[in-house]
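The block underneath contains the structure these notes are about, expressed in structure tokens.
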Amino acid sequence: MDLLYTGLLIVGVAVAVYVLFKILSAPIKWVFKLLINGVIGFLLLFLANFVGGFFNFAIPVNLLTCVIAGAFGIPGVIFLVVMVLFFL
């Protein structure tokens with residue numbers, strides 16, 4: 001009987017780990033995608049400032065611009081460039 005209970009316990013733990021992995025995999029993918037998007041936005045923000053330095057153009061680096069570039073990535077940096085070019 002102990003062998004049966006041990007086998008059921010192993011199967012139960014394996015099922016619980018599988019269900020937990022399935023439940024947590026979507027938020028982990030979302031956080032990973034947000035992290036990659038943030039890194040790309042951060043790099044593009046500084047690349048835009050570096051290249052813009054040759055043309056007397058700069059996007060101010062502050063909390064708001066970093067959040068926009070980090071949260072939205074490439075479209076966020078394009079938005080910031082358009083905002084600086086036409087509205088500031």
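Between helix 74-87 and the chain there is an angle of about 20 degrees, using the helix long axis and the longest principal axis of the Cα atoms.
Against the empirical 2.2 N^0.38 Å (N residues), the chain has a Cα radius of gyration ratio of 1.95. Neighbour counts of other Cβ atoms within 10 Å put 65, 6 in the fewest-to-most order 6, 65.
Based only on other Cβ atoms within 10 Å, what is the fewest-to-most ordering of 10, 59? Could the numbers behind the result be given before it?
Details: 10 10, 59 20.
Least to most surrounded, the residues fall as 10, 59.
One decimal place: the segment residue 58-residue 34 gains 6.1 nm when fully extended, by the rule 0.36 nm per residue minus the C-alpha distance.
If you keep only loop residues by DSSP, which chymotrypsin sites (Phe, Trp or Tyr not before Pro) in the range 1-57 have at most 13 other Cβ atoms within 10 Å of their Cβ?
Details: sites: 5, 18, 21, 30, 32, 42, 46, 50, 54, 55, 57; in loops: 57.
Qualifying residues, ordered by number: 57.
For residue 13 and residue 46, a Förster radius of 41 Å and the Cβ-Cβ distance give a FRET efficiency of 0.30, rounded to the nearest 0.05.
Every number here is computed from the coordinates shown, using simple stated rules; none is lab data. Because the structure is predicted, anything quoted here is derived from the model rather than measured. FYI the Cβ positions are ideal-geometry reconstructions off the backbone, even for glycines, and counts take in every protein chain you see.
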